[in-house]
1. Determine which single condition residue 184 fails, assuming it passes every other condition in (1) modelled with pLDDT under 95; (2) within 21 Å of residue 203 (Cβ to Cβ).
2. Mind checking which residues of segment 23-42 are closer than 18 Å to residue 101 by Cα and either modelled with pLDDT under 95 or not in a helix (DSSP H, G or I) (or both)?
3. If I filter segment 101-147 down to residues being without any contact (Cβ under 8 Å) to a residue 12 or more places away in the chain and within 17 Å of residue 74 (Cβ to Cβ), which single residue comes out as surrounded by the fewest Cβ atoms within 10 Å (Cβ to Cβ)?
4. Any chance you could count how many residues in segment 152-181 are modelled with pLDDT of 80 or more, under 23 Å from residue 127 (Cα atoms) and surrounded by 16 or more Cβ atoms within 10 Å (Cβ to Cβ)?
5. Considering only residues of segment 94-114 that are within 15 Å of the chain's Cα centre (by Cα) and part of a loop (DSSP other than H, G, I, E, B), which is nearest to residue 156 (Cα to Cα)?
6. Check off (1) modelled with pLDDT under 90; (2) within 24 Å of residue 103 (Cβ to Cβ) for residue 203 and give me the number that stays unchecked.
């Protein structure tokens with residue numbers, strides 16, 4: 001990706017995350033970047049093209065985050081706790097209307113985002129279960145395919161219903177509880193003991209300390 005375009009898209013992503021998509025005009029983007037609309041249109045044809053390219057960047061960033069080198073030094077349970085921290089951090093930055101706007105006004109791009117996110121989440125859960133089994137932390141009788149699909153479905157349904165309020169959904173404890181619930185369901189006695197030891201000083205707001 002062209003570096004100048006990437007700078008533009010990173011700023012656009014920040015604006016969308018903070019204010020939603022519908023309310024941000026091309027004039028707003030140009031103004032926040034300190035460039036003319038003519039310059040902006042050198043990189044995108046219209047707002048839909050800008051949204052599409054921003055989604056491509058988001059998918060690239062999500063893939064990099066999920067494959068972060070930091071996770072290689074963690075065991076399977078630590079990996080999931082770290083992912084809960086990353087998700088919690090992202091939720092704090094995102095306006096709840098952002099995904100709503102994407103789904104309502106740009107359904108094709110929303111579908112692309114959801115499909116890619118679902119596939120990435122599924123493959124990550126499967127890989128984590130395999131790792132946890134190898135490390136002696138998870139039950140050996142687990143069916144990776146079923147558990148991975150169950151976890152993906154659980155997360156997606158929680159993000160797309162009116163059971164939880166915005167306050168609950170964006171609270172610090174929300175995804176921490178989801179991941180702890182998931183770990184307790186798949187861990188063996190050794191894994192649960194390890195989880196309990198990690199939770200004693202676990203701070204979901206602290207991304208640097210693990």
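1. It is condition (1) that residue 184 fails.
2. Narrowing segment 23-42 to residues closer than 18 Å to residue 101 by Cα: 23-26, 28-29.
Those that are closer than 18 Å to residue 101 by Cα and either modelled with pLDDT under 95 or not in a helix (DSSP H, G or I) (or both): 23, 24, 25.
3. By that ranking, first place goes to 134.
4. So the answer is 6.
5. At the first step, the residues of segment 94-114 found to be within 15 Å of the chain's Cα centre (by Cα) are 94-96, 98-99, 110, 112-114.
Filter once more, keeping what is part of a loop (DSSP other than H, G, I, E, B): 94-96.
Details: 94: 17, 95: 17, 96: 15 Å.
So, considering only residues that are within 15 Å of the chain's Cα centre (by Cα) and part of a loop (DSSP other than H, G, I, E, B), the one nearest to residue 156 (Cα to Cα) is 96.
6. Checking residue 203 against (1) modelled with pLDDT under 90; (2) within 24 Å of residue 103 (Cβ to Cβ), the one that fails is (2).
So that you can scan it fast, the table gives a plain yes or no per residue for (1) part of a helix (DSSP H, G or I); (2) modelled with pLDDT of 90 or more; (3) farther than 28 Å from residue 132 by Cα; (4) not assigned by TED's automatic domain parsing to the domain that holds residue 128:
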{"position": "1", "(1), (2), (3), (4)": "no, no, yes, yes"}
{"position": "5", "(1), (2), (3), (4)": "yes, yes, yes, yes"}
{"position": "8", "(1), (2), (3), (4)": "yes, yes, yes, yes"}
{"position": "14", "(1), (2), (3), (4)": "yes, yes, yes, yes"}
{"position": "44", "(1), (2), (3), (4)": "no, yes, yes, yes"}
{"position": "79", "(1), (2), (3), (4)": "yes, yes, no, no"}
{"position": "86", "(1), (2), (3), (4)": "yes, no, no, no"}
{"position": "89", "(1), (2), (3), (4)": "yes, no, no, no"}
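The values are calculated or read from the model by the stated rules, or taken from the named source; none is laboratory data. If you're wondering where the values come from, they're calculated on a predicted model, not measured in any experiment. A quick note on method: Cβ atoms are made from the backbone with ideal geometry, for glycine too, and the neighbour counts reach across all protein chains shown.
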